[in-house]
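Structure, as structure tokens:
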Amino acid sequence: MGGLSMASANPVLLVTGASRGIGAATAKMAAERGFNVAINFLHNAKAANEVAAAIEASGQRAITIQGNMAREEDVAHVVDTTVREFGALTHLVYNSGITGASARLEAADPKVLREVFDLNVLGALFCLREAIPRMSIKHGQAGGAVVLLSSAATTIGSPGEYVWYAASKAAIDGMTVGLARELAADGIRVNAVAPGLIDTEIHPAGRLERLMPLIPIGRAGAADEVAQTILFLLSNAASYVTGTVLRVAGGR
């Protein structure tokens, strides 16, 4: 119980927001370890297709599925398509997330606050709500593992930049603990990874350089370093790990 072995026949992983950054790195690394992968994307079909091509070159199957994970109907379409194409869903990584434009809270656009919470929090809940019946042993499925993307911002707070983003990721931490306990008897492990400063396109120009001195390890992280941690939590090497938020932040 608590996650299929990576040696199982055709484990199926859905990665949301997988056309670039941490999501793309996770999708490609998962394929190298024997997963068939469903790649969700919103706008960048070209990048998603490049990830799929890399997966197929490694000998695994890949599909790309467009969908806005903040919309319930899109989430249902993404999960349904994954199961229809692969016949199962055994693993899920909810990687979709946005920060919104940097600002103090009193200057923030209320529309941006709603968009951040709709995608980062409600999107994760919608996705899990759809995935659970396709994974749970109580629903006749094989069980599996889920990894949610939190952030080191939950303890830093992102003052003057993205307080609302930090709050949305704190919701992921609570969701991780609650669902890990709720779904343990369903054969589903739920964990989260909390990246710190990672060199991806999410950062505006100059932010990495400005914050680098705050990192004890002395550099920004790479998407592959976060993906390695995600793949550990998906694997049976983490078979007794659930309800955990694992920080990948260079000591910050």
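No value in this document is a laboratory result; all are computed from the given coordinates. Note that the structure is predicted; figures quoted are calculated from it, not measured. Positions of Cβ are backbone-derived with ideal geometry, glycine not excepted, and every protein chain shown enters the neighbour counts.
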Sorted from fewest to most neighbouring beta carbons within 10 Å, what does the list MET69, MET212 look like?
MET212, MET69
Would you kindly derive the ³J(HN,Hα) couplings of the stretch 59-71 from the backbone phi angles with the Karplus curve 6.51 cos²θ - 1.76 cosθ + 1.60 (θ = phi - 60°), listing them in order in whole Hz, with x for Gly and Pro?
x, 9, 8, 9, 10, 10, 9, 6, x, 8, 6, 7, 10
Helix-derived [θ] at 222 nm for the chain: sum -39500 (n - 2.57) over DSSP H runs of at least 4, divide by residue count, nearest 500?
-12500 deg cm²/dmol
Amide H to amide H under 5 Å from GLU161: which residues, 5+ apart in sequence or cross-chain, H placed 1.01 Å off N in plane?
ALA103
Classify the stretch 176-252 as rounded, prolate or oblate from the Cα gyration tensor: take a ≥ b ≥ c as the square roots of its eigenvalues, call it rounded if a/c is under 1.5, otherwise prolate when a/b beats b/c and oblate if not.
prolate
Mind running the shape call on the stretch 41-83? Use the C-alpha gyration tensor, a ≥ b ≥ c as the square roots of the eigenvalues: rounded below 1.5 for a/c, prolate if a/b tops b/c, oblate otherwise.
oblate
Anisotropy class of the stretch 21-142 from Cα gyration tensor, a/c 1.5 cut:
oblate
Arrange ASP80, ASP118 by Cβ neighbour counts within 10 Å, fewest through most, would you?
ASP80, ASP118
Under 5 Å, built H, 5+ apart or other chain: amide partners of ILE198:
GLY221
Strictly over 32 Å apart at the Cα level, which of LYS46/LYS138; LYS138/LYS169; LYS46/LYS111 would you flag in this model?
LYS46/LYS138
